[in-house]
Amino acid sequence: MSKLHSAAELAYRQVKELILTGELPGGELISEGEIATRMGSSRTPVREAFLRLEAEGWMRLYPKRGALVVPVAEGEAEHVVDARLLLEVHAVEAVVEDRRIREELVATLRTNLEQQRQLVTSTGDAARFSVLDADFHRALVRAGGNPLLETFYDGLRERQRRMMAHSLARDPEQITKIIEDHTRLADLIEAGDAGGFASAVRRHMREVHALGMGGRR
């Protein structure tokens, strides 16, 4: 890998992470120079990163003006939550029928929950918490054993992280409530209560992202 390609890849990852964590909020216009200075690099790899992020829909480039971080589209949060609900509920319905898989999933969720609690009592890092939150929910879909659905779910992960960053920026104190919700979800899976899980996870997602409880169903 050439130095230029390596630098462009690093710039891409760093700028994208800034977008996902909300440090570069939607609607903000930034320049190649600002990011290059921030990273301590030349503008060339940053330009390559911007082009890649534009192709993925995260940025909109304006010659001689800069790059606009594309805001979360109207209705996007609703769409992402609807898709996640379908996949997570479906996976849990399959999991509760198999005691061994259910127990393995619950163990994974408990470990993740402990990491969430430790994070809150130490740094309270919202960006790191958003990763743990995404990992918690992904574990549900992975346990369902359908690799096609798992791949589709992974396509939602970055949007999910960005939505979580927005939610925590709006109300940082809700981390405690999120952990309580996650604990409740793990308890319901352990009890084999797929119906209770479906109701609880729907309420959890819609409350976290400030969506009406009615939805579109």
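Structure data summary
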read-out	value
Considering residues of segment 18-45 that are in contact (Cβ under 8 Å) with a residue 60 or more places away in the chain and assigned to a helix (DSSP H, G or I) only, the residue farthest from Gln160 (Cα to Cα)	Ile19
Single unsatisfied condition, Ala91 versus (1) buried (at least 19 other Cβ atoms within 10 Å of the Cβ); (2) within 29 Å of Leu168 (Cα to Cα); (3) not assigned by TED's automatic domain parsing to the domain that holds Ile189	(3)
Test: residue in segment 58-74 that is of a type in the set (D, E, K, R), closer than 30 Å to Arg138 by Cα and free of Cβ contacts under 8 Å to residues at least 60 places away in the same chain	yes
Contacts under 6 angstrom Cβ, first residue in segment 110-131 being assigned by TED's automatic domain parsing to the domain that holds Ile175, partner aromatic (Phe, Trp, Tyr), 6 or more apart	Asn112/Phe136; Leu119/Phe129
Filter result for the condition that a residue is outside the structural domain of Gly27 (by TED's automatic domain parsing), of a type outside the set (D, E, K, R) and outside any helix (DSSP H, G or I), over Gly196, Gly192	Gly192
Residues located in segment 143-165, provided they are touching a residue at least 24 places away in the same chain (Cβ under 8 Å) and assigned to a helix (DSSP H, G or I)	Ala143, Leu149, Phe152, Tyr153, Glu158, Arg159, Gln160, Arg161, Arg162, Met163, Met164, Ala165
Subset tally (residues that are in a helix (DSSP H, G or I) and surrounded by 14 or more Cβ atoms within 10 Å (Cβ to Cβ)) for segment 69-88	10
Matching residues, segment 166-216, being at pLDDT 95 or above, hydroxyl-bearing (Ser, Thr, Tyr) and buried (at least 18 other Cβ atoms within 10 Å of the Cβ)	none
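The values are calculated or read from the model by the stated rules, or taken from the named source; none is laboratory data. Fair warning: this is a prediction, and the values are worked out from it, not measured in the lab. Cβ coordinates were reconstructed from backbone atoms using ideal geometry, including for glycine residues, and neighbour counts include every protein chain displayed.
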